[in-house]
1. Here are Ala73, Ala97: which of them is closer than 28 Å to Gly26 by Cβ and open to solvent by 50 Å² or more (accessible area, probe 1.4 Å)?
2. Residues in region 41-48: is at least one in contact with a Gly (Cβ under 9 Å, 6 or more places away or on another chain), in contact (Cβ under 8 Å) with a residue 60 or more places away in the chain and either over 22 Å from Val103 (Cβ atoms) or not in a loop (DSSP other than H, G, I, E, B) (or both)?
3. Within the group Ala97, Ala73, which residue is among the small types (Gly, Ala, Ser) and in contact (Cβ under 8 Å) with a residue 12 or more places away in the chain?
4. Out of Gln4, Gln13, Gln25, I need the residue that is more than 18 Å from the chain's Cα centre (by Cα), of a type outside the set (Lys, Arg) and over 25 Å from Pro127 (Cα atoms). Which one?
5. Anything in region 61-80 that is farther than 23 Å from Ala181 by Cβ and either touching a Pro at 6+ places or on another chain (Cβ under 9 Å) or among the hydroxyl-bearing types (Ser, Thr, Tyr) (or both)? List them, or say none.
6. Does Gly213 qualify as being out of contact with any Phe, Trp or Tyr (no Cβ under 6 Å at 6 or more places or on another chain), buried (at least 21 other Cβ atoms within 10 Å of the Cβ), free of Cβ contacts under 8 Å to residues at least 60 places away in the same chain and farther than 24 Å from Leu126 by Cα?
7. Hey, among the residues in region 102-122 that are touching a residue at least 24 places away in the same chain (Cβ under 8 Å) and among the hydrophobic types (A, V, I, L, M, F, W, C), which one's surrounded by the most Cβ atoms within 10 Å (Cβ to Cβ)?
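The values are calculated or read from the model by the stated rules, or taken from the named source; none is laboratory data. Predicted, not measured: the structure shown is a model, and the values here were computed from it. Virtual Cβ from ideal backbone geometry, glycine too; neighbours counted across all protein chains shown. Ligands, DNA and RNA are stripped out before the accessible areas are found, and what is left, the full protein with its side chains, is counted by its heavy atoms. Shrake-Rupley method; radii C 1.70, N 1.55, O 1.52, S 1.80 Å.
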Amino acid sequence: MLKQVADGVLVHQSEFIQSNSVVVQGRAGVLLIDPGITRDEMVDLATDLRELGRPVAAGFSTHPDWDHVLWHAGFGVVPRYGTARCAASMRDLLATADWKDRVAEVLPPEHAEEIPMDLLGFITGLPAGVTQIPWDGPEVRILEHQAHATGHAALFIKERGVLVAGDMLSDILMPVLDLEAKNPIEDYLDALLLLEGVADGVDVVIPGHGSVGKAEQLRARIEQDRAYVQTLGDGGAPEDFRVGPAAPLEWLPDVHRWQLEQLAQR
């Protein structure tokens with residue numbers, strides 16, 4: 001299941017929207033980022049790690065969307081980190097009596113019965129100002145920003161030349177804004193600038209969904225996403241295949257139109 005994309009960094013891609021689970025090898029165990037999606041996939045991932053002699057030392061969720069806060073007992077009882085705002089968002093959700101029903105409403109119907117919910121969202125928020133994941137492995141820098149979802153963070157592993165981008169910089173999904181934020185367009189553009197600031201040290205970019213890219217693809221994706229967001233903010237029609245007739249997923253044009261409508265109503 002696991003494919004090595006850089007020294008000590010492996011990826012498993014789910015069938016669901018090409019979701020990427022990321023494994024970073026440390027000294028005594030691994031950092032597991034955004035594992036998913038189905039129960040069987042996570043069992044297979046846990047088995048692969050055991051066979052490699054690589055127990056899970058810690059987890060990290062890049063943001064509080066349901067498909068990035070999953071877990072399986074096979075990974076063990078270890079710290080599962082996220083930003084403080086990510087963890088707070090999950091605490092608020094789990095404090096509601098009907099949280100399982102609310103999550104079930106947004107699950108893909110074809111996988112709904114296969115997604116384990118019992119360990120969803122148990123995230124330990126790292127204190128504000130903490131910029132590195134506390135674990136026994138290569139330095140993993142937290143690049144928190146305001147784009148896409150509350151508490152969203154990308155992770156920069158300088159020693160390995162890897163940028164784990166969360167739900168940004170995808171080759172199959174256009175930028176999806178956090179439309180509950182006060183300034184979603186400005187937030188997204190600022191986040192792209194933040195990621196661009198580490199681009200010189202990146203050899204591999206891993207999006208939450210889609211293909212793993214090389215250094216030149218990282219810059220191309222930043223420019224493509226910037227053009228989309230700027231055009232979206234102007235109320236225009238972006239020349240972006242991800243929302244056109246040849247969109248990788250048939251529902252993406254609908255999401256694009258919804259974003260336009262929501263921004264027009266502001």
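1. Ala73
2. Yes, there is a match, as at least one residue in region 41-48 is in contact with a Gly (Cβ under 9 Å, 6 or more places away or on another chain), in contact (Cβ under 8 Å) with a residue 60 or more places away in the chain and either over 22 Å from Val103 (Cβ atoms) or not in a loop (DSSP other than H, G, I, E, B) (or both).
3. Step by step, each of Ala97, Ala73 is checked, and only Ala73 is among the small types (Gly, Ala, Ser) and in contact (Cβ under 8 Å) with a residue 12 or more places away in the chain.
4. Gln4
5. Leu70, Trp71, His72, Ala73, Phe75, Gly76, Val78, Pro79
6. Against the criterion (out of contact with any Phe, Trp or Tyr (no Cβ under 6 Å at 6 or more places or on another chain), buried (at least 21 other Cβ atoms within 10 Å of the Cβ), free of Cβ contacts under 8 Å to residues at least 60 places away in the same chain and farther than 24 Å from Leu126 by Cα), Gly213 qualifies.
7. Looking at residues that are touching a residue at least 24 places away in the same chain (Cβ under 8 Å) and among the hydrophobic types (A, V, I, L, M, F, W, C), I get Ile115.
Listed here are the residues, each with its yes/no results for (1) open to solvent by 10 Å² or more (accessible area, probe 1.4 Å); (2) among the β-branched types (Val, Ile, Thr); (3) farther than 27 Å from Asp254 by Cα.
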| position | (1), (2), (3) |
| --- | --- |
| Leu155 | no, no, yes |
| Gly161 | no, no, yes |
| Gly166 | no, no, no |
| Lys182 | yes, no, no |
| Val198 | yes, yes, yes |
